[in-house]
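These notes are about the structure you will find just below.
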Amino acid sequence: MNWLFANCKPEEDLFFPEFINSLEISVANIQYTLYYDAREWKSPSIYKFEDKTIIISGWFVLNGEKNNLESLFTEIKKLGLKETLNNIELGVFTGVFFDGSDSYMFADYLSLSHHFYTKTKNGVKISPIINYLINEDSIFNEHAQKILNKTGYLLGNDTVYNNINRIPPGCIVNLSDYKEEVYFHFNNSNQIKVEYIPVVIKDIISLWDKRYRNIALSSGFDSRLIYACGDFKYVYTFGPEKSYDRKSALKLFKIKNDIDSRYDGFNFAENEAPDYLKKLNKILFEGAATVPFEDKFIASFYHAFTHSENEYVTFDGFLGDALQRGTLLHIKNRISKLLKTFPILNKNYLTSNKLIISRYGKEVGNSYVLPLYEHFLNIYNLKDSINSYLLFEIMYGRNTRYIINGATVLKGINNISVPVFAHRIVFETLILQDFVDTISYKTFKKLWRNIPKSIKKVPSEMLYSVMTPRFFIPFFIFIGRIVTFKISAFYNYANEHKLKN
């Protein structure tokens, strides 16, 4: 729970764990309240030098070092704020920099830190909770609410209030005039051979001592790749006992045979969250998104937290499915099965327009998403392409406006959540692959090339493994969906509640 408030405060009855410390500080007539994790930061995450101040809420990795504020400040002096932020390799953070005359607000390049802001007559307000930003000038947007009701989340930086927005990903906001300036741009030096990515993942994991590491392991290939690249003290899986997730995760744990680790398999539907977490689970997303099975997700993360010891750093497979296997690049129509079976046909058929209409429908797609996509291309100086569409979905769409609610926000209440696939080298290498190679599993095969065969051959709940020939994977997925979602003996966590009926 790394939160930053500006010119507002959380409610007095809002619960904060004992390892969360707070500090109030005034910088350039703005009153900040910083909440920081004392397990990560031995002192408040603020650095001052002469008349300059930088405040970081969250954590970051720069030049291979974790949370070195002095080094961050030195880089800013040398390269400027924009280039320094773009050079940060990994992190989930919101920050403010005062250069002696102006204050600038920013977030990590994907805005995973889930903070919002609004302009008021008395200056900026910043909060991770939208309700704290509502004031007499707030205008409720009924159209945005209708879209939220249809999709379950809003895109871009939108909320259901016209003047309350998400802190934009990869941007700096000048708090004097609220002008946004993009700092994110692709860095060619970040791209490596796909098969070398596991080495980078290993280095990411090594930034935290093993005794602090935990991982939610499933039968899938995102958490599994991370698990294959490092050692973890606490390993857990939730879902029905007979599910592929539970069985495959336990098998992977036994293959590693790490006697210093603990495995915890537990049911998803049986967990209960304390009242304070239920309250957080509600207010954190009001006005921006909804959460499916909301209490059960946060209850399961709470179970893992209470059954862990010192393992407060959870390594998450967020973005893995989109980057490894192109799961966001499939159109739902009558020829979709043919396109999945023969991916090369997508080369001349697939377009960003078709993907947007397929995902959001004609009404929402044409009136809301397509104009936002054009705006996105303009803001980030990109040309229309399938890769640009994928970047749009990740930065402006489902991933950072919806999936992070579980992957980063809820897990981050009691833990530090590390989204390994968001590391700039991993991210840029994978997202810039030829999209046909990705959806045809060529990229997937390269990525797993140097992983031990014993780990690769364990099947996922979709019934295929890394060893399955590429041509047959779509057929296994088709059967796997039937098995997992239609046959009760193989239900996963999403259908576990049906087993009691």
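A short reminder: the numbers here are calculations on the coordinates, not readings from a lab. Source: prediction; values computed, not measured. Because the Cβ atoms are built from the backbone with ideal geometry, glycine has one as well, and the counts that use them run over all protein chains shown.
State, to one decimal in nm, how far the label point of Ser43 lies from the label point of Phe16, with both points 7 Å from Cα in the Cβ direction.
Between Ser43 and Phe16, the simple spin-label model gives 1.9 nm.
Counting pairs of alpha carbon atoms under 8 Å apart in space and at least six apart in sequence, what relative contact order in percent does the chain give?
16
Quote the charge dipole size of region 172-285 about the Cα centre in Debye, to the nearest 20; the model charges only the Cβ of Lys and Arg (+1) and of Asp and Glu (-1).
Charge dipole of region 172-285: 460 debye, to the nearest 20.
Restricting to DSSP H runs of at least four residues, report the calculated mean residue ellipticity at 222 nm for the chain, -39500 (n - 2.57) per run over all residues, nearest 500 deg cm²/dmol.
-9500 deg cm²/dmol
Size of the dipole of region 58-142 about the Cα centre, Lys and Arg at +1 and Asp and Glu at -1 on the beta carbon, nothing else charged, in debye to 20?
Dipole of region 58-142, to the nearest 20 debye: 100 debye.
Convex hull over the alpha-carbon atoms of region 62-183: what's its volume per residue in Å³?
113
Regarding region 188-311, what is the average projected area of its C-alpha convex hull, in nm²?
If I average the Cα hull's projected area over directions, I get 10.0 nm².
Would you kindly state how much longer the chain becomes between Asn378 and Phe485 on full extension, computed as 0.36 nm times their sequence separation minus their alpha carbon distance, in nm to one decimal?
This chain segment gains 34.4 nm when fully extended.
Give the lysines reachable from Lys446 as a straight Cα distance under 16 Å; neighbours fewer than 8 places away on the same chain don't count.
Lys193, Lys456, Lys457
Give the label of the value calculated from the structure for semi-axes √(5λ) of the Cα gyration tensor in Å, choosing from (1) 52, 22, 17; (2) 34, 27, 24; (3) 41, 25, 19.
Label of the calculated value: (2).
Multiplying the sequence separation of Ser176 and Leu345 by 0.36 nm and subtracting their Cα-Cα distance, what value in nm do you get?
Extra length available between Ser176 and Leu345 comes to 55.8 nm.
Can you compute the charge dipole magnitude of the chain about its Cα centre, using +1 on each Lys and Arg Cβ and -1 on each Asp and Glu Cβ, nothing else charged? Give it in debye, rounded to the nearest 20.
With Lys and Arg at +1 and Asp and Glu at -1, about 2620 debye.
Express in whole angstrom the spacing between the alpha-carbon centres of region 42-92 and region 390-429.
Here the answer is 20 Å between Cα centres.
Based on the mean of other beta carbon atoms within 10 Å per residue, what is the order of 147-159, 87-99, most packed first?
Highest-to-lowest ranking by the protection proxy: 87-99, 147-159.
Taking 7 Å along the Cα-to-C-beta vector as the label spot, tell me the Ser454-Asp137 distance in nanometres, rounded to one decimal.
6.3
Just for the chain, what percent of DSSP beta bridges are antiparallel, to the closest 5?
Of the beta bridges lying entirely in the chain, close to 75 percent run antiparallel.
For the pair His307/Lys150, report the inter-label distance in nm, with labels modelled 7 Å from Cα in the Cβ direction.
Roughly 4.1 nm, to one decimal.
In the chain, with Lys and Arg counted as +1 and Asp and Glu as -1 at Cβ, which of these residues, Tyr493, Leu338, Leu154, has the Cα nearest the positive end of the dipole, that is, farthest along it?
About the Cα centre, the residue reaching furthest to the positive side is Leu338.
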